[in-house]
Amino acid sequence: MRYVSTRGFAADRPLPFSDILLEGLAPDGGLYWPEAFPQLDKPARAELRRLYQHAGYPRLAAAIMGLYADDIGETELRQLTQRAYTSEKFGSPDTVPVSDLGGGLRLAHLSNGPTAAFKDLAMQLLAELFEHELERRDQVITILGATSGDTGSAAEYAMLGQPRIKVFMLSPQGRMTPFQRGQMYGLDDPRIINITVPGAFDDCQDLVKAVNADATFKAQYSIGAVNSINWGRLAAQVVYYVAAWLRVSTHDDEPVAFCVPTGNFGNIISAHIARQMGIPIDRIILATNENNVLAEFFTTGVYRIRSAAETVATSSPSMDISKASNFERFVFDLLGRDTAKTSDLFGRVLPAAGEIDLSGEPLARARGEYAFDTGSSTHADRVATIRSLYQRTGVLIDPHTADGVHVAQAFANPAGSPLICMETALPIKFADTITEAIGHPAPLPPRFAKVLDAAPHTIDLAPGDGPDRIKAIIAAR
C-alpha cells in the first residue's frame, strides 16, 4: 500500500504508511490518499465476520489497519490494537455497541472512550502508532492541531505522558461548552499547550495550515498532525464502520446505510472509504447543522466556504465549521483522481473565489456512484429530537447525534436496509441543551466529576495574531 498527495506530490514515488503517519499536509498543500483502495470481496468479508465474532474489535482493527499499514509487522500491529482498545478504556469488550432505536434506525455508540467522544476510537490507536514509529526512528514530534470541541481533548488524553510527543492545540475562544473547555484546558502538563484563538474553528484550522506551509519551520520542529488531515486517523475510523455493519447484518452481502453528523468531512469520509473497499453500504447520509456548507454542496454542487463572521455559533458547536478540510480528498475521487484539477481548484480557485462549482457530472457522481444524500437541522430540531427519543426509548443523545437522528428519520424505512446513526459524543458535554430538552442535565459519570472544577491552562491569542505568533509559542516551548 502506497500513498500520494491529492495535488500530485509523490505521484512518481508513492510513499508507505510509516512515511506519512507523522505528517499532516503533504509538502504541496494536498492531503495523502491511498493509490487505490484494498478490495474486500465476499470471502474477505466473511473472514472479517469470523474474526470479529471470535476475537473482537482489536483483531478487527488489526486486520483493517493491516491493509493500509502493511509496512508494520502483523504481530506488532496486533499488539498496538490490543493496547488501544481495552475494556478499561471503552467500558466493555464490545467497544462499539449498536442499539435499536425503532423505525428502522440503529445507533452506533462511539463515545464510550476516555473523553466521551467518537474521536477516542481513532486517537487511542493513533497514539500507539505514533509511539511505535517514533521509537523505531528515535525521533520526537510536535503535534499542531485545531479543534472545534472534541478532537483536542481526545488527542491530548491519548498523547498524555508520551515523552516523545508535545501537543499544541488551537481552539476557538468562547465557542465550546464548559465541559469541553474543562476537559482540555484543565490539563496541567508541560507537554500539552492549549492556545485559544479569536473567531471560529476555521480560523484555528487556517493557522495550522499556515504553519505547515512553512517547510523549514515544519522540519525544524518536526510538526505533525492529529486532525483528520492525518491519514492514520481516517484509516482507524474505517474500523468502526466495518464493526457497525457486522453487528447489524446477518450475512456478508447484507447492505446497511449510515447517517453521519459532520462539519469537517473527516468522519463521513471513512464511510466512503469503507464503501469503496467493498463493505455493502447502500447510502451515506450527511447531516449538518445551520452551518450547512456540505449539505449545500450535495444539493447544488456548489461548495461555498464561509467567513468566521458567517459561521453561526450553534448548540452543536463541534460542527460549526465552514471549511471542510477533508472535502479535498472526496473531490479528488470525484474528479477521477486528477491531481492537476484538484490542485487548481483547492490551491487557486477556492482561495480566490471562495467557492468551487462541481454541479453537473461530479454532483451526479457524488449522489449516484458514491451514494451520498444529505440533510440539515436547526436548534429546535435538535431539542425536539433529543426530547422525543428520550421519552420514547430512554436513550439520551447529544446535540450532534441529534442532528444525525433528525436527518436520518427522513430516510428511514423499516422494510429497507438498516440505517445506522453514528453517535458523536455523550450528552454530558452539552448540559444546557440537554436541560432544555428534557428538563435536567445528563447524569455525570464519576470519572468526569472534577472536569468543571479544574483551573484553566491556556495561552490566549489576541485579534490579529497570525501564524508567526503560533511559531513563536512553539519555539519558546
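On the stretch given as segment 173-194, residues that are in contact with a Ser or Thr (Cβ under 7 Å, 6 or more places away or on another chain) and free of Cβ contacts under 8 Å to residues at least 60 places away in the same chain total 1. Of the residues making up segment 402-420, those that are outside any helix (DSSP H, G or I) and either over 16 Å from Val98 (Cβ atoms) or over 19 Å from the mean Cα position of the chain (by Cα) (or both) number 10. Scanning segment 444-477 for residues that are surrounded by 10 or more Cβ atoms within 10 Å (Cβ to Cβ), outside any helix (DSSP H, G or I) and touching a helix residue (DSSP H, G or I) at 6+ places or on another chain (Cβ under 9 Å) gives Leu444, Pro445, Lys450, Ala454, Pro456, His457, Thr458, Ile459, Leu461, Asp465, Gly466. Could you tell me which numbered condition Phe265 fails, if it satisfies all but one of (1) assigned to a strand (DSSP E or B); (2) at positive phi? If we test Phe265 against (1) assigned to a strand (DSSP E or B); (2) at positive phi, just (1) comes out false.
Summed over segment 48-87, the residues that are outside any loop (DSSP other than H, G, I, E, B), charged (D, E, K, R) and within 26 Å of Asn230 (Cα to Cα) give a count of 5.
Restricting to segment 240-262, count the residues that are surrounded by 24 or more Cβ atoms within 10 Å (Cβ to Cβ) and either part of a loop (DSSP other than H, G, I, E, B) or under 13 Å from the mean Cα position of the chain (by Cα) (or both). Summing the residues that are surrounded by 24 or more Cβ atoms within 10 Å (Cβ to Cβ) and either part of a loop (DSSP other than H, G, I, E, B) or under 13 Å from the mean Cα position of the chain (by Cα) (or both) in segment 240-262 gives 5.
Of all residues in segment 213-237, which are outside any loop (DSSP other than H, G, I, E, B), touching a residue at least 12 places away in the same chain (Cβ under 8 Å), surrounded by fewer than 20 Cβ atoms within 10 Å (Cβ to Cβ) and not small (Gly, Ala, Ser)? The one that is outside any loop (DSSP other than H, G, I, E, B), touching a residue at least 12 places away in the same chain (Cβ under 8 Å), surrounded by fewer than 20 Cβ atoms within 10 Å (Cβ to Cβ) and not small (Gly, Ala, Ser): Phe217. Restricting Leu48, Leu80 to residues that are over 15 Å from Leu129 (Cα atoms) and of a type in the set (A, V, I, L, M) narrows the list to Leu48. Tell me, please, whether a residue that is touching a residue at least 24 places away in the same chain (Cβ under 8 Å), among the small types (Gly, Ala, Ser), farther than 29 Å from Thr216 by Cβ and in a helix (DSSP H, G or I) can be found in segment 16-24. Among the residues of segment 16-24, not one is touching a residue at least 24 places away in the same chain (Cβ under 8 Å), among the small types (Gly, Ala, Ser), farther than 29 Å from Thr216 by Cβ and in a helix (DSSP H, G or I), which makes the answer no.
Every read-out reported here was derived from the displayed coordinates using simple, explicitly stated rules and does not represent laboratory data. What you are looking at is a predicted structure, and each value in this text was computed from that prediction instead of being measured. Note that we place each Cβ from the backbone using ideal geometry, even for glycine, and neighbour counts take in every protein chain shown.
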